[in-house]
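What follows is a single structure, and I will ask about it in a moment.
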Amino acid sequence: MTSDEQIGKNLVELRGDRSQKDLADEMRKRGFRWSQATVWSIEKGERPLRLSEADAVADILGETVNMLVATGEKFTVTMLFRAVRDPLDEIESLTDEAFREQKTMALLAGHLVDDEMRRLAFRDSPLRAAWTAMVTAMEKHDAWRRTSDQVDGPDALEPSPEYDALIEFWRSEIASYTPSRENDGVDQAEG
């Protein structure tokens, strides 16, 4: 059986940056007569956490009652796992956001007014390099998403002919507007 002191220590850890007052306010919204002092008493092990309260606290914190009553190594290992998981989730989220922005940029660039504008845009080596890097990033991201065992459910990507066509379109655009070595001097002399 888990002691009131252990439950209090777990509550402190699970509460994280949320203040005692914020937790008490949320509990009052759910019909419990809690104050900041109530949270303090539970965290010090001076007041037991009732089962009905434990359900509400766990829900507010996005936890399970099992985490409130976990002891020893199980609690420690779970908290360490979460400390690693949260930054990895943030990295994945930022990667997805960067990918969406790159895809948007590729689609918008595909709507350049005419061939001459595309030709002029691709003459600029830094822009050509940026678009080439964008295609490479899209290919790498797509390969990772298709093969990663970390992506399950609705986020998992099935092979997409449309997406493959988009990548192929940009490869051909880059190739068609990239001057060959023998034409470099001619293009520069004309420009």
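The values are calculated or read from the model by the stated rules, or taken from the named source; none is laboratory data. Keep in mind it's a predicted model, so treat the numbers as computed, not measured. For neighbour counting, all protein chains shown are included, and Cβ atoms are generated from backbone atoms with ideal geometry for every residue, glycine included.
Quick one: which residue in T95, T71, T64 is free of Cβ contacts under 8 Å to residues at least 60 places away in the same chain, surrounded by 12 or more Cβ atoms within 10 Å (Cβ to Cβ) and closer than 30 Å to R30 by Cβ?
T64
Considering each of D22, D86, D17 in turn, give the residue that is free of Cβ contacts under 8 Å to residues at least 12 places away in the same chain and surrounded by 14 or more Cβ atoms within 10 Å (Cβ to Cβ).
Answer to the selection: D22.
Quick check on E92: is it assigned by TED's automatic domain parsing to the domain that holds A137 and either under 30 Å from A137 (Cβ atoms) or of a type in the set (D, E) (or both)?
Here the answer is yes, as E92 does meet what is asked.
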